[in-house]
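Q: This is the structure, below, for whatever I ask next.
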Amino acid sequence: MSVLTNTFESVKPFWQSMAGRWRQLSQREQWLTATALITLFTWLIWQGIITPLSDQQALAEKKVAASRAQLTQIQQQAEQILRLKAAGATARPVSNMPMDQTVHQLAGRYQLVIQRVQSRGETLDVDLANTRFDKLMSWLTTLEQQHRIKVKNIQLESTDTSGFVEVRRLQLERG
C-alpha cells in the first residue's frame, strides 16, 4: 500500500503542473488540445485493436477460401472415382514387389515422410509425419488403383496448419 501511495504522491506534482498549464490556455487552445487528444486516442484504438482484428478476419477468409477449393477438388476426385467404378474400370495387375516396398516407394513420390512401418500379417501399420491432405489422398488413391493396396483403417486429425493433417492411425492391406 505504501508503494502505491508513494507512486501517487510522486505523480501528484506532475498533474498539478498540467492542471495549471491547462488553466493558462485560452478556451480555443483548450478546445484544440482536447480535439487533438481525442483524435490521438481514436487513432491508437484504431491501430491497436481494429486493424489487427481486420487483418485476422482477412486471413481467416483466405483460409476458408483455400479449404473450400480443396474440398471442391476432393469432391471432383471422388466423383471421378465413382464414374470409373461405374464404367467398370479395373485396377492394373499387382506387382510382385512386397507391400512395404511399394508403400515406401510411392510415399517418396508423393513427398510423404514415413516414420515407421510395421507388418502384421496381411496388413501394414504405417506412421506418417504430418502431411498435406491432398497428397495423402492422392497417394492412397494410387496405392488402391495401381497396386490394390487398400485402406483398412484410417484416423486423421486436423492440424494448426491449413491443408495439413495428422495421421493418427493408418492400416493398409492388399485387396
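Q: So, in region 119-130, exactly how many residues are assigned to a strand (DSSP E or B), more than 15 Å from T102 (Cβ to Cβ) and open to solvent by 70 Å² or more (accessible area, probe 1.4 Å)?
A: Final tally of qualifying residues: 1.
Q: A further question on this structure: Tell me which residues, restricted to region 131-168, are open to solvent by less than 30 Å² (accessible area, probe 1.4 Å) and in a helix (DSSP H, G or I).
A: Selection gives L136, W139, L140, T142, L143.
Q: Can you spot a residue in region 52-69 that is in contact with a Ser or Thr (Cβ under 9 Å, 6 or more places away or on another chain) and of a type in the set (G, A, S)?
A: yes
Q: How many residues are among the β-branched types (V, I, T) and closer than 28 Å to S162 by Cβ when one looks only at region 91-116?
A: So the answer is 3.
Q: I would also like to ask the following. Is it the case that Q111 is part of a helix (DSSP H, G or I) and in contact (Cβ under 8 Å) with a residue 12 or more places away in the chain?
A: So Q111 fails the test.
Q: Could you check how many residues of region 108-130 are over 14 Å from K152 (Cα atoms), of a type in the set (A, V, I, L, M, F, W, C) and within 26 Å of the chain's Cα centre (by Cα)?
A: Result for region 108-130: 5.
Q: Moving on. Filter region 61-103 for residues that are part of a loop (DSSP other than H, G, I, E, B), open to solvent by 90 Å² or more (accessible area, probe 1.4 Å) and of a type outside the set (S, T, Y); which is modelled with the highest pLDDT?
A: N96
Q: Go through region 117-141 residue by residue and tally those that are within 15 Å of G163 (Cα to Cα) and polar (S, T, N, Q).
A: Residues in region 117-141 being within 15 Å of G163 (Cα to Cα) and polar (S, T, N, Q): 3 in total.
Q: Let me ask another. Is there a residue being open to solvent by less than 60 Å² (accessible area, probe 1.4 Å) and either farther than 24 Å from L136 by Cα or free of Cβ contacts under 8 Å to residues at least 24 places away in the same chain (or both) anywhere in region 44-51?
A: Checked region 44-51: at least one residue is open to solvent by less than 60 Å² (accessible area, probe 1.4 Å) and either farther than 24 Å from L136 by Cα or free of Cβ contacts under 8 Å to residues at least 24 places away in the same chain (or both).
The values are calculated or read from the model by the stated rules, or taken from the named source; none is laboratory data. None of these values were measured; they are calculated from a predicted model. As a convention, Cβ positions derive from the backbone with ideal geometry for all residues, glycine included, and neighbour counts pool all protein chains shown. Ligands, DNA and RNA are excluded from the accessible area calculation, which covers all protein heavy atoms including side chains. Shrake-Rupley method; radii C 1.70, N 1.55, O 1.52, S 1.80 Å.
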